[in-house]
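First comes the structure, then the notes that go with it.
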Amino acid sequence: MLDREKLLLHSSTGRKFSLLMKKENKEVRPTDVDGRCYGICTYEQMMYVIVDANSVFTLDFDLNIEKLNSNSYKKFESNCCIRDRLYCTHSIDNSVVCYSKEGEKLWSFNDEIRFPFGIDIDTNGYVYVVCNGSNSIITLSQDGTK
């Protein structure tokens, strides 16, 4: 949800995202991307659309593309979220990787991670990883240590 009137949606099967005006129940500004959408995050009045072609689109709230970071990230295989950094789970190698917004790998963590399914960050910067393989939630600090 962007605000009380707008939602940003991505297609679970396709290669597009769009803005939904809730009052009018109308889809506006559908945008095609070159790859499957893996997630959408908002941070500091910007939106980030994660696409499996190793890309992160940075958009304003009118869906104007402000920036595209590509090819510097490891291929996204699961969930990602953004705060001041990009945090991604990678289900194939059972890890969490933290990148700068420019795509530089800052740290990774794979101890005790088994089939990561979800990830989120709290206001203090702690990273929470949901692991299906161990039915647990692992908490990491901002620097990737437990």
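Hand me the list of strands (runs of 3 or more DSSP E) wholly inside region 47-131 holding 2 or more residues that are closer than 22 Å to Ser141 by Cβ, among the hydroxyl-bearing types (Ser, Thr, Tyr) and modelled with pLDDT of 80 or more.
By residue number, 86-90, 95-99.
Taking region 135-144, which residues are exposed (fewer than 14 other Cβ atoms within 10 Å of the Cβ), in contact with a Phe, Trp or Tyr (Cβ under 8 Å, 6 or more places away or on another chain) and part of a loop (DSSP other than H, G, I, E, B)?
Of everything in region 135-144, those that are exposed (fewer than 14 other Cβ atoms within 10 Å of the Cβ), in contact with a Phe, Trp or Tyr (Cβ under 8 Å, 6 or more places away or on another chain) and part of a loop (DSSP other than H, G, I, E, B) turn out to be Ser141, Asp143.
Take the residues of region 26-46 that are of a type in the set (D, E, K, R) and farther than 20 Å from Thr89 by Cα: which is modelled with the highest pLDDT?
Glu44
Select from region 33-48 the residues that are in contact with a strand residue (DSSP E or B) (Cβ under 6 Å, 6 or more places away or on another chain) and in contact (Cβ under 8 Å) with a residue 40 or more places away in the chain and list them in ascending order.
Passing the criteria: Tyr38, Gly39, Cys41, Tyr43, Met47.
The values are calculated or read from the model by the stated rules, or taken from the named source; none is laboratory data. Just so it is clear, the model here is predicted, and its values are computed rather than measured. Ideal geometry is used to build each Cβ from the backbone, glycine not excepted, and the neighbour counts take in all protein chains shown.
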